[in-house]
Amino acid sequence: MLNKCYCATCIGVEAVVVTVEIDLSTGIGIHLVGLPDSAVRESLLRVITALTSYGFRIPGRKLVVNLAPADIRKEGSAYDLAIALGLLAVSEQVSLVDCDRFVIMGELALDGRIRPVTGVLPVALQARADGFLGCIFPADSAREASEVEGLAVYGVSTLGQAIEVLTRREECSHLRVRPAGQEAAFQPSGNDFRQVRGQHVAKRGMEIAAAGGHNLILVGSPGSGKSLMASCLPSILPPMSRDEAIETGKVYSVAGRGVRIGGLMRERPFRAPHHSASLVSLIGGGPQAGPGEVSLAHNGVLYLDEMAQFPRSLLDALRQPMEDGRVTISRARYKVDYPADFMLIASMNPCPCGYFGDEAGRCSCSRGAVEGYLSRISGPLMDRIDLQVAVRSLSAVELLGISSPGSSGLPSSDSSGLPSSGSSGLPSSEGSGLPQEEPSAAIAARVARARAVQTARFADEAIHTNAAMNARLIERFCPLSDDCRRTLRNILDRMGLSARAYTRILKVARTIADLAGAPGIQPAHLLEAAGFRFLDRRRIFD
């Protein structure tokens, strides 16, 4: 006699349905096949003990449990519940209705309670795509999958409740998990930009980065406000769309963090790994091929504080995810893909002592020491950072909230039309045309309008922001007038930029135009975008 139930496993963030075949025949013994790992092989003891605790008997005949397809390695404890229900059905102790129309996952405790498992959101999405009627998940995990439309999701806490769903489903409406319904107004976390004194150019850079999904680095002396401004960034980022929330939720579900969230995420993730993090924790991998910080920051922010303290090999490993928006983890036993479309926000000191360019002249570093410190960030990685912002220490007058008159909010320009670096060699953050200490709510409103423009622009594309445009989309959405071409040629001639930096300037200029409500890129937008690439100009000692 043969019975089939269905479970699932995840490869990366994609689920594969697993058929749990149980055959009862003449003979003695229980055999589990289908490339199981040790946790899956141990499931037989958990299943037998749990069934016994519920008063069921174990057939004294030959039982063969096959997990198909047999060429995919099965890992974890999520197969327990499907094996237990299949065993009851094949031994005819319980008549299960529509067992083959549900995807069933759960870890069994010895007393029959069901513990949470990982990966239920991608499993639920795959179950809907494959035409299953619904899913039976542990109650603590089912909340993740409740937002999947067109799929009945049941959350069970015990083996008895799972049997109840498959024997008299019409009486189990209390076990069905439904979406939360009307959600409260979105309230972003993080500090408020109202708390940041001065630093108006840096704030402008943060606004542009948030509006277009651009990478940004803050370079400045200790205590100048770099970390505070980074902590304010979540307060101006818009909530994730449903598609973005599902993409990010799949990563968190596979990583076993979906239970803590309880449903789809609305706020964009903000990940801030320490500089002592390992390559596996940052990029992903390990024995279970889990996602790393770059994937947990998908559709959100990866913040690297004191970026120059990270090992260079770790930083260079970010180059491919930053370019492709995905990370491929290849090992001898597996090869998996994870999404990794994140904003890189970084901060660092300008030199080993931290005070290069300080107006008080506190820097004690030689020119070679400064250049060596900055060279810890490789050229190819710096090319991928769209906005490079110098943050200087504030004077007592600025800390007290007194603004300086006659400021424009943009870096000053020299006779060539390019932003000048000032007497210290670093662009000045002094002055702004915006109201001083503007609250995050006002900045967030402008960011939301710019993001809405990009959502409409890329409605037929697989991207959400200007930063994700490829060469084809740049050619389509960033046309340049003759004046813009002349301005851009002057910029390229004077700054000696790479082809990648050239495309980054175009993307940033497109975002600046969106913030200004302009239909196309103007020369002023290109000049402002180029002004945020001071580390590319190699003029910090001029």
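The values are calculated or read from the model by the stated rules, or taken from the named source; none is laboratory data. Computed from a predicted model, the values in this text were never measured in an experiment. Because the Cβ atoms are built from the backbone with ideal geometry, glycine has one as well, and the counts that use them run over all protein chains shown.
The set of residues from region 216-228 being touching a residue at least 40 places away in the same chain (Cβ under 8 Å) and among the aliphatic types (A, V, I, L, M) comprises 216, 217, 218, 219.
Residues in region 271-290 that are free of Cβ contacts under 8 Å to residues at least 60 places away in the same chain, under 14 Å from residue 254 (Cβ atoms) and surrounded by 15 or more Cβ atoms within 10 Å (Cβ to Cβ): 284, 285, 290.
Would you confirm, using the coordinates I've provided, whether residue 315 is closer than 16 Å to residue 217 by Cα and part of a strand (DSSP E or B)? The answer is no for residue 315. Any residue in region 491-513 that is more than 14 Å from residue 383 (Cβ to Cβ), out of contact with any Leu (no Cβ under 7 Å at 6 or more places or on another chain), surrounded by fewer than 22 Cβ atoms within 10 Å (Cβ to Cβ) and small (Gly, Ala, Ser)? No - not one qualifying residue is present in region 491-513.
Scanning for something among the aromatic types (Phe, Trp, Tyr), within 27 Å of residue 2 (Cβ to Cβ) and not in a strand (DSSP E or B), does region 70-92 turn up at least one residue? Yes; the residues of region 70-92 include at least one that is among the aromatic types (Phe, Trp, Tyr), within 27 Å of residue 2 (Cβ to Cβ) and not in a strand (DSSP E or B). Could you tell me whether any residue of region 325-339 is surrounded by 14 or more Cβ atoms within 10 Å (Cβ to Cβ), closer than 24 Å to residue 238 by Cβ and in contact with a His (Cβ under 6 Å, 6 or more places away or on another chain)? Looking through region 325-339, at least one residue is surrounded by 14 or more Cβ atoms within 10 Å (Cβ to Cβ), closer than 24 Å to residue 238 by Cβ and in contact with a His (Cβ under 6 Å, 6 or more places away or on another chain).
Here 103, 18, 97 are screened, and the one residue that is out of contact with any Leu (no Cβ under 9 Å at 6 or more places or on another chain) and within 30 Å of residue 263 (Cα to Cα) is 103.
Whether any residue in region 76-89 is touching a residue at least 60 places away in the same chain (Cβ under 8 Å) and more than 19 Å from residue 108 (Cβ to Cβ) is what I want to check. Before the answer, list the steps.
Taking region 76-89 as the starting set, the residues that turn out to be touching a residue at least 60 places away in the same chain (Cβ under 8 Å) are 76, 78-79, 81-89.
From what is left, the residues that are more than 19 Å from residue 108 (Cβ to Cβ) are none.
No, region 76-89 contains no residue that is touching a residue at least 60 places away in the same chain (Cβ under 8 Å) and more than 19 Å from residue 108 (Cβ to Cβ).
Of the helices (runs of 4 or more DSSP H) contained entirely in region 157-262, those carrying at least 2 residues that are crowded, with 22+ Cβ neighbours inside 10 Å and among the polar types (S, T, N, Q) fall at 242-254. A count restricted to region 118-149 and to residues that are closer than 20 Å to residue 173 by Cα and assigned to a loop (DSSP other than H, G, I, E, B) stands at 6. Do we have residue 486 as among the basic types (Lys, Arg), modelled with pLDDT of 90 or more and over 25 Å from the mean Cα position of the chain (by Cα) here? Spelling it out, residue 486 is indeed among the basic types (Lys, Arg), modelled with pLDDT of 90 or more and over 25 Å from the mean Cα position of the chain (by Cα). With respect to the conditions (1) closer than 25 Å to residue 237 by Cβ; (2) surrounded by fewer than 16 Cβ atoms within 10 Å (Cβ to Cβ); (3) free of Cβ contacts under 8 Å to residues at least 40 places away in the same chain; (4) under 29 Å from the mean Cα position of the chain (by Cα), residue 518 falls short on a single one, namely (4).
If you filter region 81-125 down to residues that are polar (S, T, N, Q) and surrounded by 19 or more Cβ atoms within 10 Å (Cβ to Cβ), you find that the one that is nearest to residue 16 (Cα to Cα) is 118.
Touching a residue at least 40 places away in the same chain (Cβ under 8 Å), closer than 24 Å to residue 111 by Cβ and of a type in the set (Val, Ile, Thr): is that true of residue 9 in this structure?
Values: touching a residue at least 40 places away in the same chain (Cβ under 8 Å): yes; closer than 24 Å to residue 111 by Cβ: no; of a type in the set (Val, Ile, Thr): yes.
Considered against the rule, which asks whether it is touching a residue at least 40 places away in the same chain (Cβ under 8 Å), closer than 24 Å to residue 111 by Cβ and of a type in the set (Val, Ile, Thr), residue 9 comes out as no.
Scanning region 290-312 for residues that are in a helix (DSSP H, G or I) and either more than 12 Å from the chain's Cα centre (by Cα) or basic (Lys, Arg) (or both) gives 307, 308, 309, 312. The residues of region 318-353 that are closer than 25 Å to residue 255 by Cα, assigned to a strand (DSSP E or B) and out of contact with any Pro (no Cβ under 7 Å at 6 or more places or on another chain), listed by number, are 328, 329, 330, 335, 336, 337, 339, 343, 344, 345, 346.
Can you pull out the residues in region 1-31 that are in a strand (DSSP E or B), crowded, with 20+ Cβ neighbours inside 10 Å and in contact with a strand residue (DSSP E or B) (Cβ under 7 Å, 6 or more places away or on another chain)?
Taking region 1-31 and keeping what is in a strand (DSSP E or B), we get 2-11, 14-25, 29-31.
Adding the requirement that they be crowded, with 20+ Cβ neighbours inside 10 Å leaves 3, 5-10, 15, 18, 20, 22.
Within region 1-31, 3, 5, 6, 7, 8, 9, 15, 18, 20, 22 meet the criteria.
Looking across 326, 268, one residue alone is in contact with an Asp or Glu (Cβ under 9 Å, 6 or more places away or on another chain), among the charged types (D, E, K, R) and closer than 22 Å to residue 179 by Cβ. It is 268.
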